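Remarks on the structure that follows.
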């Protein structure tokens, strides 16, 4: 998920840089810049966040970038486009309770499904032990947006278009030996999803009138299994093939 709060550009350039340090070796650093110069306006934003996390194997590192450029055109038209990118890596929390032979008393008690990995832990022969330290999920998100607007004295007409993709890479390690890989897969979690919106907003005397509509396409792409040690998984009906072979995407699941 890309979530960056940007500055609103005006004729006075604004630049903000901040960094915060907290518990669990947590760093949160942000930088943003915005300026409106003549008919052009832009804002840029970037951030870096990293933490060791509260739970066992609960680390995270995330980088975000956002850029938006707009132009005011003759006859009260305005157009613009934006790009946002996010790259995140997080450790999937490891089962850490006293009934585990790999229990670490110095870390908080935790279940393995606290972060990520749905459908995997229940198919492992180790049961509640699930995966081990070093198990990690990487997410890459990229989105492009654009808009066009016509302004009137009493309101405006505006259209917005957005398209985005998300790629995910996961690697799972043995609970007893964090150097032993047991499962690896790639997933197109979001596959060329898009939305198109249009609205008209007008003030007619003492009446405020709005109308609009949206078209959209949601779906996901293929999941590819890069590596599997079958001896770690049970043969549950309908699920073992999914874990072993991955699946074909459904790009038009919602339109």
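The values are calculated or read from the model by the stated rules, or taken from the named source; none is laboratory data. Bear in mind that the values here come from a model prediction, so they are computed numbers and not experimental data. Virtual Cβ from ideal backbone geometry, glycine too; neighbours counted across all protein chains shown.
Listed values, structure above:
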read-out	value
Any strands (runs of 3 or more DSSP E) falling wholly within region 6-52 and containing at least 2 residues that are modelled with pLDDT of 95 or more and under 19 Å from the mean Cα position of the chain (by Cα)	26-37, 40-51
Scope region 213-235; condition part of a strand (DSSP E or B) and within 20 Å of the chain's Cα centre (by Cα); matching residues	216, 217, 218, 219, 220, 223, 224
Residue 22, sole failed condition from (1) surrounded by fewer than 17 Cβ atoms within 10 Å (Cβ to Cβ); (2) touching a strand residue (DSSP E or B) at 6+ places or on another chain (Cβ under 7 Å); (3) without any contact (Cβ under 8 Å) to a residue 40 or more places away in the chain	(2)
Boolean, residue 43 is touching a residue at least 40 places away in the same chain (Cβ under 8 Å) and crowded, with 18+ Cβ neighbours inside 10 Å	no
Filtered residues of region 218-255 (kept if farther than 22 Å from residue 172 by Cβ and either at pLDDT 90 or above or surrounded by 13 or more Cβ atoms within 10 Å (Cβ to Cβ) (or both))	218, 219, 250, 251
Residues of region 136-169 classified as farther than 16 Å from residue 199 by Cα and touching a helix residue (DSSP H, G or I) at 6+ places or on another chain (Cβ under 6 Å), total	0
Residue selected from region 127-147 under the condition more than 26 Å from the chain's Cα centre (by Cα) and surrounded by fewer than 19 Cβ atoms within 10 Å (Cβ to Cβ), by the criterion modelled with the lowest pLDDT	128
